[in-house]
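Report on the following structure.
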Amino acid sequence: MALNSAYPPTCVLCGAAGFGELDLCLGCLADLPDIAPSCGCCALPLPAGAPDGMRCGGCQRQPPAYDRCIALFRYQGAVTRLIGDFKFRQRLHLGRLFGQLLAEAARWQPDVSLPELLVPVPLHPSRLRQRGYNQSLEVARVASHELGIDVDGGRIERVVATPPQLRLARAERQSNVRDAFRVRQPLCARHVAIVDDVVTTGATVGELARVLRQAGVERVDVWAVGRTP
């Protein structure tokens, strides 16, 4: 409360007073690209008029290794800019906003209990040294505080320095991340949520989910800020 008095929430887009404890005003929040309608499994945005929550054709043909993806927004417009600023321009305060929004979205899932552990998508040590921080970990820390859920402390690591997924064709992304992750220590959680900034084809979170299931995790959810159409 004292921190909010000294630094009141301020909209990161227009500079107006924030809504509640968010660094985003109600008007700008309403203008961000809505994810609905979207697939009830992978959160892929569906064509306008499609029933929200129906499974897309891809998930019907071949369900992903995770159980369900929660995404906040379509990855376009202002969302693309905000995530780019957070990920590449060291605007770390945006991690607080994203973490608060993800926590709120998770609370509103009526048919799924909260996970026991949050697993931010790990960066390879070389990428971490280059960037200076793991953007997914920054978001997970805030969501952890909001929900009272532990964050993985390094039991899962990225062992292959893969090229960025955005530079690859869709068909190349699955092979790019194959065997990229390793569980170093046993996990005691049966239900975990992978935290990522953007889900594109789902190759990265899908491979991480596969590794988590091999380690004995029974349910794997994915929480993402943005989802590409």
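Dipole of the chain computed with +1 at Lys/Arg Cβ and -1 at Asp/Glu Cβ about the Cα centre; of Trp223, Phe181, Pro63, farthest Cα towards the positive end is Phe181. Compared with the alpha-carbon gap, the fully stretched path from Arg89 to Arg190 is longer by 32.8 nm at 0.36 nm per residue.
Given Thr10, Ser126, Gly53, which one lies farthest toward the positive end of the charge dipole of segment 1-143, if we put +1 on the Cβ of every Lys and Arg and -1 on the Cβ of every Asp and Glu? Positive-end residue among those listed: Ser126. The Ser126 and Arg81 beta-carbon pair, evaluated with R₀ = 35 Å, returns a calculated FRET efficiency of approximately 0.85. When +1 charges are put on Lys and Arg Cβ atoms and -1 charges on Asp and Glu Cβ atoms, the dipole computed for segment 1-114 relative to its Cα centre reaches about 380 debye. Within the listed set Tyr75, Tyr133, Tyr66, the residue fluctuating most in the Gaussian network model of the chain (springs between alpha-carbon atoms under 10 angstrom) is Tyr133. Site pair Met54 and Val160 shows an inter-label distance of 3.6 nm when each label is modelled 7 Å from Cα along Cα→Cβ. Note on the chain: helix-only mean residue ellipticity at 222 nm, from DSSP H runs of 4+ residues weighted -39500 (n - 2.57) and normalised by residue number, equals -10000 deg cm²/dmol.
If only the Cβ of Lys and Arg carry +1 and only the Cβ of Asp and Glu carry -1, the dipole of segment 34-172 around its Cα centre is close to 680 debye.
Give the relative contact order (percent, whole number) for the chain; include only Cα pairs under 8 Å separated by 6+ residues. This gives 21 percent for the chain. If you take all other residues with their beta carbon under 13 Å from the beta carbon of Val151, and give Lys and Arg +1 and Asp and Glu -1, the sum is -3. Under the 0.36 nm per residue contour assumption, what length would be gained going from the current alpha-carbon distance of Thr10 and Glu104 to full extension? Length gained between Thr10 and Glu104: 32.0 nm. Look at the Cα gyration tensor of segment 80-164: its axes a ≥ b ≥ c give a/c of at least 1.5 with a/b at or below b/c, and that counts as oblate.
All of the numbers you see were taken from the coordinates with simple rules; none came from a lab. Please read all numbers here as calculations on a predicted model, not as lab measurements. FYI the Cβ positions are ideal-geometry reconstructions off the backbone, even for glycines, and counts take in every protein chain you see.
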